[in-house]
Amino acid sequence: MSLELALRATEILMGFAFVLQSLEHLASFQNEQIIHGPRLVLSGLLLAGIATPWVLLGLLALGLLHLQRFQGPYNGGSDKMSLLILCCLTAARWLPSEHWREYAFAYLAGQLVICYFISGQVKIVNPEWRSGRALQDVFRFSTYPVSESLRAYADRPRLLWMMGWAVMLFELVFPLALFSRETLILALLTAALFHLANACLFGLNRFFWIWLAAYPSLLWLQERLIL
């Protein structure tokens, strides 16, 4: 995968994610519409590949306004990943030499690997995750389940224990997927299914598309390192 192809794939996936995010805010408060109306237009231009470097700069400026409006990334991890991808793409389109553009895009891939690994590390040192109690509490007490019927999973501790350990082990060994193209593709498919399950079970729909937007960078970097 060439750098240009990987960049373009990332821009398309990120643009689509931004369109969905912006549509959520168009029926909200006026000061949010002021940000997300132009963001929707710029995201459409990004999807079409029109004036891409300038569009990315505009989206980055709106991203900073978004941080000011909500006093930080109000949607947590998905907003942080959105800004990370946006910064790396903007740098990759504006830096003067291809050498530095590759560094900017490789940084995104490295951060993606670190995100998965650190997430697993934080979970496995937590006794509640190791015992399965953490997922039980999520289903029983949190506001995340998308339907009340899903709370019945809290009464299946053995299943939740296996699910919790499957997630932790997958996140911890994720960096090893870089040693093989086939293994990396399988790992990314598994990760995508994990985010899809979170969207279906807990309503964390924003994580699905924006995390997928970072995958081309890792596919490109793995191929680049092998070469």
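The values are calculated or read from the model by the stated rules, or taken from the named source; none is laboratory data. Just so we're clear, the structure is a prediction, and the values are computed from it rather than from any experiment. We place every Cβ from the backbone using ideal geometry, glycine too, and count neighbours over all the protein chains shown.
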Kindly check whether there is at least one residue in region 93-110 that is surrounded by 14 or more Cβ atoms within 10 Å (Cβ to Cβ) and within 23 Å of Phe202 (Cα to Cα). no
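Restricting the search to region 186-213, which residues are in contact with a Ser or Thr (Cβ under 7 Å, 6 or more places away or on another chain) and crowded, with 21+ Cβ neighbours inside 10 Å?
The answer is Arg206, Ile210, Ala213.
Quick one: which residue in Leu186, Leu201 is in a helix (DSSP H, G or I), aliphatic (A, V, I, L, M) and touching a residue at least 24 places away in the same chain (Cβ under 8 Å)?
Leu201
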State which residue is modelled with the lowest pLDDT when the search covers only region 26-56 and only residues that are over 20 Å from Leu5 (Cβ atoms), in a loop (DSSP other than H, G, I, E, B) and of a type in the set (A, V, I, L, M, F, W, C). Phe29
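State which residue is modelled with the highest pLDDT when the search covers only region 127-169 and only residues that are small (Gly, Ala, Ser) and in a helix (DSSP H, G or I).
My answer is Ala166.
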Residue pairs qualifying under the 9 Å Cβ cut-off, at least six apart or on distinct chains, with the first in region 33-58 being in contact (Cβ under 8 Å) with a residue 60 or more places away in the chain and surrounded by 16 or more Cβ atoms within 10 Å (Cβ to Cβ) and the second being of a type outside the set (A, V, I, L, M, F, W, C) and not in a loop (DSSP other than H, G, I, E, B), are none
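Go through Ala152, Ala134 for me and flag whichever is exposed (fewer than 14 other Cβ atoms within 10 Å of the Cβ), more than 30 Å from Gly58 (Cα to Cα), hydrophobic (A, V, I, L, M, F, W, C) and free of Cβ contacts under 8 Å to residues at least 60 places away in the same chain.
Answer to the selection: Ala152.
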